[in-house]
Amino acid sequence: MSEHNVKMAPLASGRLRALMKRIGLPVNPLLLASASFLHLPVALADTGSTVVLDALQVTGTALSPVQDPLHLDDKNSTGSRLGLTARETPATVEVKTQQDMQVKGLRTTKEVFSDINGATVGNVPGNPAVLTMRGFSGSAINVLQDGVRVAASTFITRDVDTWNYDRVEVLKGPASVLYGEGALGGAVNMITRKASLDGQHVDGMFSAGSFNTRRAAIGVNQPLSDTVAVRADISSLRSDSLYNIDHQNTTALGLTGSLLYTPNDDLSMLFAVDHFDDEYDSTYQGAPLVGASAAGHASGIVKNPYGLVIDKSARYRNYNPDGAHSGARSTALRWTTDYRINDDWSLNNLLSYYTARREFFLSGDQVYNNSTGQLDRTVQRISHDHQFWSERLSATNDTLLGGFRNRFTVGGEFNYTRFTNPRQNGTTTSVDPQNPEVGSFPSSAAGNWPGAGKNLIYQTNMDTTALFTEDAFNLTPDWLLIGGLRYEDIDVRRSVSDLYLGTRQAFSPNYTSLSWRLGTVYNLTPDVQLYAQYSTAVMPVSSLLLISTANGDFDLSKGRSVEVGFKASAFDGRTSVLGSLYWIRLNDILTRDPNDSTLTVQGGSQVSRGMELTTSTQLTSQLEVDLGVSLVDARYDQLIEAGGADRSGNHPVNVPHTTANAAVLYRLNTLPVTLGAFVKHASGFYTDTANTYFVQGHTTLDASISYELKNATVTLRGRNLTNAFYGEYSGYSATQIFLGAPRSAELGVTFKF
């Protein structure tokens, strides 16, 4: 062999090694050695002639290589306003992309939330997709729409179709320094699909499944020039009931659109509009506990000292009166401007408007009466007329200080809210749990039906002014120090008009707060980071838009948190791992005076401590595995309720100790077929602060089989394949348990051109 060919042999071997790694084949030393000779001209010493052999062709079938599966190196807009990646953020950041939602079959907001490690979700009619995370629930979790917090999540979160969202970003732990009051347990940012200049795209889906459930959606991205692009998406969901409950027809419509204008490299404007509409007929309030003697098929999934059970034979019954319903129609407009002043400074401005109408006509409480053997029912007629304006301006600097990078932002925000809330309540007829005559919902808008109670109109105007700053400074190339401050002034003007008594009460509480965080991230290696953070948060004792005259005199509750953890990548980015330990304490919650149980004071406290581990890995070219495990110990350090009942040491409502989820995807070698299995587990939880009602834990199994065509994927999916009978959340009453959906199947197609 000539000297030239000898030198070329290692080069051929190296190229083949890279090729084999890229397509997922095992690297075989014998094959590499053979290729060094077979792929190159070989000199024959005895004749001096050269024989050229055909090039070796290597083929194989493999999953597309997964790089950074937990998106650690993606810039994350939810964890910071400095353009930090999740790896640079000293907190746990979890991301669900549209691709993740499609692979796992996450159809609605609630299903996406339930896939968050450590989260549990309920579907209470007045608060669809209510979220519990890190031991706190409801308004302690901020739900944002494209980075904007409109109000407490208990107001605005709806269980809508996920098609219109590009991704969901989750920042766990206190986030008041970024988003104001609330956000003690975390913030969830629902990020809609946006126009881009990267070419024309058309994608869509349609599916049909159990309970007469149908989904359809389509999205189009169209560049109009080198500087202008538009995108529009529409989604529709219809079902007799996602839970197979009688008389619970469900519809959801999503419309999102945007226009991107980038006249040059320094200026970008995005105009976006979102409209969501959902409605539920005869809303489901959960399965009421009944006496064992009144149950046709008693279930043992709820433990309590009163002998009450869930009747499995009443699994599909709905005890709402005919005419009960729940729904919302919301529209949001946003104008985002990014302007680069020079190499160091840039400006961001976000102007947004939101309006919504919501209705909740339902029987909130359906409580078993042991003496009559019937369910005593209340009824409520509640409406929301909600308008919200927001203006946020910030300036960001990215430069070197003393030779080290420093990223800094400072800005201000002003929000205005107008909220009108008519509320009527009372009672209606009781019903037999076995043979219910549900009757009709009271039709009198004047609120004078038999059993009518209060007839009130709440009106709230609220101004919020905030100043904020963040800084991320590299003490060394591998050591990042991050801090943030937010000062907030909240001016509430609230009135309560009693239409029966002809009276009106008005009050104007004002709240100020200072939230801050200090964290650090250290690179052990470029692929392994350690982080720690101390942060604070504030929360009102009840929602500011619904706060009562009595509660308006109390200050904001104050929370603080410590979190430490690590983030790591391995195996050329095919494996990502997140791990964290945290401690959160909320002080100044409402409790009763230990010396006088008739007096309400701010002296209670709640503590949560726990750990989370999330990993995603492509074990082989054909096998991908995701795993999430969360442990949380949440308790009231101090809580005294009416009558002097001491709940100190008890667990909060709807907080399981353990949650876990796993997903396994396997791609066949010989066919473009992918098999999927998805397991979720949650341990038991209490439905009352007295901890007398305990709902046992559960495990569910979903599975899928997908066949890939040139521009489409056909998927057959089964949910809750074992048909597990379980409670997933409690409702307005401790004795009403929302049951998980029974076994179901779905056939769907997604396509993209």
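No lab work stands behind these numbers, since they all come straight from the coordinates. Everything numeric in this text was worked out from a predicted model, so none of it was measured. In this analysis, Cβ positions are derived from the backbone assuming ideal geometry, glycine residues included, and neighbour counts consider all displayed protein chains.
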Assign one of three labels to the range 330-456, namely rounded, prolate or oblate, based on the Cα gyration tensor with a ≥ b ≥ c the square roots of its eigenvalues; rounded applies when a/c is under 1.5, prolate when it is not and a/b is larger than b/c, and oblate otherwise.
prolate
Of His275, Gly300, Ser236, whose Cα points farthest to the positive end of the dipole of the range 235-356 (charges on the beta-carbon: +1 Lys, Arg; -1 Asp, Glu; origin at the Cα centre)?
Gly300
What residues of the range 79-117 lie in the reach of a label at Phe404, counting those whose backbone N is under 20 Å from a point 7 Å from the Cα along Cα→Cβ?
82-85, 87-91
Got a sec? How would Asp198, Asp281 order by Cβ neighbour count within 10 Å, fewest to most?
Asp198, Asp281
Is the range 535-624 rounded, prolate or oblate when judged by the Cα gyration tensor, a ≥ b ≥ c being the square roots of its eigenvalues, rounded requiring a/c under 1.5 and prolate requiring a/b larger than b/c?
prolate
Of the listed peptides 391-398, 707-714, 539-546, what is their order by residue-averaged count of other C-beta atoms within 10 Å, with the highest listed first?
539-546, 391-398, 707-714
Would you work out the relative contact order for the range 86-192, in percent, from Cα pairs under 8 angstrom that are 6 or more residues apart?
30 percent
Taking the mean number of other Cβ atoms within 10 Å as a proxy for protection, how do you rank 613-622, 108-117 from highest to lowest?
108-117, 613-622
Under 5 Å between amide hydrogens, which residues at least 5 positions from Ser730 or on another chain qualify, with H placed 1.01 Å from N in the peptide plane?
Phe738
Within the chain, percent of DSSP bridges classed antiparallel, to nearest 5
100 percent
Take the alpha-carbon centre of the range 347-383, take the same for the range 224-270, and report the distance between them in whole Å.
27 Å
Label-point separation (nm) for Val230 and Asp246, each offset 7 Å from Cα along Cα-to-Cβ?
4.9 nm
Please give the peptides 89-100, 307-318 ranked by average Cβ packing (other Cβ atoms within 10 Å per residue), highest first, as a rough proxy for protection.
89-100, 307-318
Per-residue Cβ contact counts at 10 Å, fewest first, order Ser440, Ser730, Ser548 as Ser440, Ser548, Ser730
Could you go through the range 419-434 in sequence order and give the Karplus-derived ³J(HN,Hα) for each residue, using 6.51 cos²θ - 1.76 cosθ + 1.60 with θ = phi - 60°, rounded to whole Hz, and x for Gly and Pro?
9, 10, 9, x, 9, 10, 8, x, 10, 9, 5, 7, 9, 6, x, 8
If you take the square roots of the eigenvalues of the alpha-carbon gyration tensor of the chain and sort them as a ≥ b ≥ c, do you get rounded (a/c under 1.5), prolate (a/b over b/c) or oblate?
prolate
Collect residues whose amide H, placed 1.01 Å from N in the peptide plane, falls under 5 Å from the amide H of Gln145; neighbours closer than 5 in sequence don't count.
Val150, Met190
Most exposed first, judged by fewest Cβ atoms within 10 angstrom, Tyr165, Tyr487 run Tyr487, Tyr165
Using a cut-off of under 20 Å, list every residue of the range 97-111 whose amide N is near the label point 7 Å from the Cα of Leu668 along the Cα-to-beta-carbon line.
103-104
Backbone HN-Hα couplings from phi across the range 304-311 [Karplus 6.51/-1.76/1.60, Hz, Gly and Pro as x]:
7, x, 9, x, 8, 9, 9, 8
Could you run the Karplus curve 6.51 cos²θ - 1.76 cosθ + 1.60 with θ = phi - 60° over the range 553-562 and give me ³J(HN,Hα) per residue in whole Hz, x for Gly and Pro?
7, 8, 7, 5, 6, 10, x, 8, 8, 10
C-alpha long axis of helix 29-38 to longest principal axis of the chain, angle in °
40 degrees
Kindly express, to the nearest 10 degrees and within the range 0 to 90, the angle between helix 3-23's C-alpha long axis and the longest C-alpha principal axis of the chain.
20 degrees
